[in-house]
Amino acid sequence: VDYLNIEGDDDLLTRVVSEASGAFALFGSADGLLRPTALERRRPYSDDLVTIQKYQGKTNEQFTHLLLNVTAALAKRPQALLDGSLHVLDPMCGRGTTLNTCLLRGIDVTGVDLDKKDFEAYQAFITTWLRSHRLKHEIDASQVRREGRTLGRALELETAPTKDDWKAGRTQQVTYLNVDTTRLGRVMRRTSVDVVVADTPYGVQHGSHGDKLDRSPVQLLERALPSWHDTLRTGGTVGLAY
């Protein structure tokens, strides 16, 4: 069996390698022997948050971890992914694989998608999941209005892994904006997130309704990237899969 050998500060190294998307087992090497080492992952919630949903077009959760890891590692403050202070934006979040991945890892996240069915599916799933796990939470759905016009809907969630965390204010926030991602500058504050990650739309599956914009990620990015960029704090990064 081949092993990948990594050297460095033991405490930090264990923490970083444990978060690798493909890590299933970790060993320390001493005197020619391998010593099993527990993975030190920040996972305040149960894994079924990202594994229980099954639907056509779902982004693989391991790939989502990978995309988040690589993007955050290139940001000005990569340690934010480890200490939970990172704020992530997925501007094309679909049914929320990135949202759930970030929640699982105890970090705040904002998702954006125009599809009403995806928004409603995520709202139904996360509400049921929180209740079935008996987690303290507040969840609210409202309209997004600017200058007297309704631009879409918003789902605001705050939760915590334990009652003690909830009482102490150690909570995570998830926001889902059911709005046009190309108009994100009208609904999100500038310099409010640390990284932007997204699995871009692809092929016939995402463009079967005659909308040429949805069929081409390039056209979509040309219109949307400027407003996504404006949401980034200094030193932020963008990671796109296509």
Compute the acute angle (0 to 90°) between the alpha-carbon long axis of helix 217-231 and the principal axis of greatest extent of the alpha-carbon atoms of the chain; round to the nearest 10°.
-> 80 degrees
Report, to two decimal places, the Cα Rg of the chain normalised by 2.2 N^0.38 Å (N = number of residues).
-> 1.07
Sorted list, accessible surface of protein heavy atoms, 1.4 Å probe, largest first, for Asp118, Asp10, Asp90 is Asp10, Asp118, Asp90
Evaluate the distance, in nm, between pseudo-label points positioned 7 Å from the Cα of Glu138 and of Leu4 along their respective Cα→Cβ axes.
-> 4.1 nm
Relative to the longest principal axis of the chain, what angle (0 to 90°, nearest 10) does the C-alpha long axis of helix 116-132 take?
-> 50 degrees
Leaving out ligands and nucleic acids, note down the accessible area per residue over the stretch 43-160 with a 1.4 angstrom probe, in whole Å².
-> 48 Å²
Per 10 Å bin from zero, what fraction in whole % of the C-alpha pairs of the stretch 90-130 is there, up to the bin with the longest pair?
-> 31, 58, 10
Taking all protein chains together and a probe of 1.4 Å, list Arg77, Arg42, Arg15 from the most accessible to the least accessible.
-> Arg77, Arg42, Arg15
Based on the Kirkwood radius over alpha-carbon pairs, what is the Stokes-Einstein translational diffusion coefficient of the stretch 110-192 at 4 °C with 1.567 mPa s viscosity, in µm²/s?
-> 93 µm²/s
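Past the 22 angstrom mark, what percentage of all C-alpha to C-alpha distances in the stretch 1-83 do you count?
35 percent
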Would you please state the base-10 log of I(q)/I(0) at q = 0.34 1/Å for the stretch 35-74, with intensities from the Debye formula using one equal scatterer on every alpha carbon?
-> -1.12
Mean projection of the alpha-carbon convex hull of the stretch 2-138 over all orientations, in nm²?
-> 10.2 nm²
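Based on the mean of other beta carbon atoms within 10 Å per residue, what is the order of 152-164, 23-35, most packed first?
Put in order of decreasing packing, that is 152-164, 23-35.
Past the 23 Å Cα-Cα mark, which pairs from Lys117/Lys163; Lys54/Lys167; Lys54/Lys116; Lys58/Lys116? Please list the in-between numbers first.
Working: Lys117/Lys163 32 Å; Lys54/Lys167 34 Å; Lys54/Lys116 18 Å; Lys58/Lys116 16 Å.
Exceeds cut-off: Lys117/Lys163; Lys54/Lys167.
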Taking the stretch 71-159 as the region of interest, what is the percent of Cα-Cα pairs per 10 angstrom bin, listed from the shortest bin to the one with the maximum distance?
-> 15, 44, 30, 11, 0
Protein accessible area in the chain, 1.4 Å probe - carbon and sulfur % | 51 percent
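The values are calculated or read from the model by the stated rules, or taken from the named source; none is laboratory data. Worth saying up front: this structure is predicted, and the values here are computed from it rather than measured. Cβ atoms come from the backbone with ideal geometry, glycine included; neighbour counts cover every protein chain shown. The area values use the complete protein model at the heavy-atom level, side chains included, leaving out ligands, DNA and RNA. Shrake-Rupley method; radii C 1.70, N 1.55, O 1.52, S 1.80 Å.
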